[in-house]
Number of protein chains: 2
Amino acid sequence: MTPLRINGATRLYAIIGDPIAQVKSPELFSGRFADAGVNAVMFPVHVLPDRFDTTVPVLMRLGNLDGLIFTVPYKGQATQFADRLGATAARIGALNALRRERDGTWSGDMFDGAGFVRGAEHKGEVLRGRNVVLFGAGGAGSAIACELADAGIESLSIIDLRRERASALANTLRDVFPACRIEAVATVPRSFDMVVNASTVGMRDDDGLPGELDALTADTLVGDVIVLPKPTPLIRHAVRHGCRYVDGHDMIAGQADALMAFFGHG
Amino acid sequence: MTPLRINGATRLYAIIGDPIAQVKSPELFSGRFADAGVNAVMFPVHVLPDRFDTTVPVLMRLGNLDGLIFTVPYKGQATQFADRLGATAARIGALNALRRERDGTWSGDMFDGAGFVRGAEHKGEVLRGRNVVLFGAGGAGSAIACELADAGIESLSIIDLRRERASALANTLRDVFPACRIEAVATVPRSFDMVVNASTVGMRDDDGLPGELDALTADTLVGDVIVLPKPTPLIRHAVRHGCRYVDGHDMIAGQADALMAFFGHG
């Protein structure tokens, strides 16, 4: 790893969240910039919710700031600051990255789903034609659903405790991806060959599985967005059944690749 | 030197100026923080003049930003953001550093002069009792004049092409330091044993000396705030006459010590 450097000519990227101390992006991207020979760093910015709307426009006008990443709880609110949205951000109404264009305008898109797909592809997994069960229709789940449909999966069954959230997502995506069978369901369907957890179930070690997944066949590809504990209950379950998997770390690495490309340093 | 690290828990310091690419503080202070085992960095912030007043309050409210340094052209304007001013900043109406206190208020002070005095002391020079000729009554000159008087010099003769600026500074300091003979003068007085250049004369290599200083005696202490060229015409002149000197690099090192202490990491 190339040592970090900061000087007067260093270009700035920031990640904005509340809380912020737990984020991995400053270390990850500052290191990636250094490795790429780019004089830039990513620093963490702690912004409280009542100051978000007034803080972001000021950061965007700093003369040497070229990009922003947004994390919890700001991915939805951040769309107001983009002059244009990428396809995924526009579909799900949330973004996690903004970049300054040469003309001074700002483009935004959502890379949570792209990170998952890149992470899977990086491990050599084929997504096209899969029949997918997805747990969680929140921000990460919506982004992943969007990218999976775009990657050519055969069908998508969306499960969320808030059933109307799953239905809303299914309705949105059906219009955009007519070739993919997409539906909101209450229970795990009989037949599938891929399962993705984008819910918060599994963040606590005693959480268990996000749904009834007792009978995994070995050809089932298992994905989980949760980073810690490592491995998660679902990934442990996958390993026990001889399944291949894409975990939160694979997704982070995939997302870093996608974001470096978005920022023009890929 | 300890390698730099940036992560989610890194505390932030920023230097604000226009232009910004030439500043040395990000490298200097980020390195000092790392060497001190403090998880903090200083990053450069480029702010245009018409955005200064609206940008600084927003930066001051970032939850993880603990201090700011101000450089050209913002040292005067920055005083409006301090809840309280140190003695030097109050006297000369300018500051170059703000720090967040535990109660969330902000304290500011001016360290350009303290840096010069610390740099001199670090080289073992005695300032008390000196008869000083000072060229330049701008921001740096005012701060140095203030700190030299505070350090117990015997007399101070201030020379500035803008004579009224020299007079105003002399008047201000006479009230505060009655034991020191302070006056604005048009030409170099006959007798002195210290000369300090705080004007811009000497930034270009063909500038020559800031005033008529042909006959330097070897016991004259020579100071120059100019960093480049190194050595400056005045410092070369000092060396030729066997004089000891304090240059811009000594001053920067002295100021870094003073600022680290101000930020609570000294």
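The values are calculated or read from the model by the stated rules, or taken from the named source; none is laboratory data. Small disclaimer: the values here were computed from a predicted structure and weren't measured. When we count neighbours, we look across all protein chains shown, and the Cβ atoms used for this are built from the backbone with ideal geometry, even at glycine.
Side notes on the structure shown:
- Pair list, Cβ under 8 Å, 6 or more apart: segment B:204-219 residue surrounded by 10 or more Cβ atoms within 10 Å (Cβ to Cβ), other residue among the acidic types (Asp, Glu): B:Thr217/B:Asp193; B:Asp219/B:Asp193
- Matching residues in segment A:178-187 - criterion: being among the aliphatic types (A, V, I, L, M) and surrounded by fewer than 19 Cβ atoms within 10 Å (Cβ to Cβ): A:Ala179, A:Val185, A:Ala186
- The single condition among (1) farther than 17 Å from B:Asn131 by Cα; (2) in contact with a helix residue (DSSP H, G or I) (Cβ under 9 Å, 6 or more places away or on another chain); (3) of a type in the set (S, T, N, Q) that B:Thr200 does not satisfy is (2).
- Hey, B:Val23 under 20 Å from A:Leu62 (Cβ atoms) and free of Cβ contacts under 8 Å to residues at least 40 places away in the same chain or not: no
- Any hit, segment B:244-262, residues being within 15 Å of B:Pro210 (Cβ to Cβ), over 16 Å from the mean Cα position of the chain (by Cα) and modelled with pLDDT of 95 or more: yes
- With respect to (1) crowded, with 22+ Cβ neighbours inside 10 Å; (2) at pLDDT below 95, the lone exception for A:Arg190 is condition (1).
- The set of residues from segment B:220-240 being among the β-branched types (Val, Ile, Thr) and surrounded by fewer than 21 Cβ atoms within 10 Å (Cβ to Cβ) comprises B:Val227, B:Val239.
- Residue in segment A:104-121 that is away from chain B (no Cβ under 12 Å), surrounded by fewer than 20 Cβ atoms within 10 Å (Cβ to Cβ), in contact with a strand residue (DSSP E or B) (Cβ under 7 Å, 6 or more places away or on another chain) and modelled with pLDDT under 95 present: no
- The number of residues in segment B:131-145 being crowded, with 22+ Cβ neighbours inside 10 Å and over 11 Å from the mean Cα position of the chain (by Cα) comes to 6.
- Residue match in segment A:18-32 (condition: more than 8 Å from chain B (Cβ to nearest Cβ), crowded, with 23+ Cβ neighbours inside 10 Å, under 16 Å from A:Leu259 (Cβ atoms) and not basic (Lys, Arg)): yes
- Here the condition is being under 30 Å from B:Leu234 (Cβ atoms) and in contact with a Gly (Cβ under 8 Å, 6 or more places away or on another chain); of B:Ala94, B:Ala82, it holds for B:Ala94 alone.
- Index of the failed condition, A:Thr79 passing every other in (1) more than 14 Å from chain B (Cβ to nearest Cβ); (2) without any contact (Cβ under 8 Å) to a residue 60 or more places away in the chain; (3) within 23 Å of A:Arg11 (Cβ to Cβ); (4) surrounded by fewer than 21 Cβ atoms within 10 Å (Cβ to Cβ): (3)
- Subset of segment A:1-17 [closer than 19 Å to A:Ala78 by Cβ and either free of Cβ contacts under 8 Å to residues at least 24 places away in the same chain or more than 7 Å from chain B (Cβ to nearest Cβ) (or both)]: A:Tyr13, A:Ala14, A:Ile15, A:Ile16, A:Gly17
- The set of residues in segment A:33-66 being more than 8 Å from chain B (Cβ to nearest Cβ) and of a type in the set (Val, Ile, Thr) consists of A:Val38, A:Val56.
- Residue within segment B:28-48 that is within 21 Å of A:Arg51 (Cβ to Cβ), without any contact (Cβ under 8 Å) to a residue 12 or more places away in the chain and not small (Gly, Ala, Ser) present: no
- Top-ranked residue in segment A:241-260 [being of a type in the set (Gly, Ala, Ser) and part of a helix (DSSP H, G or I); ranked as surrounded by the fewest Cβ atoms within 10 Å (Cβ to Cβ)]: A:Ala253
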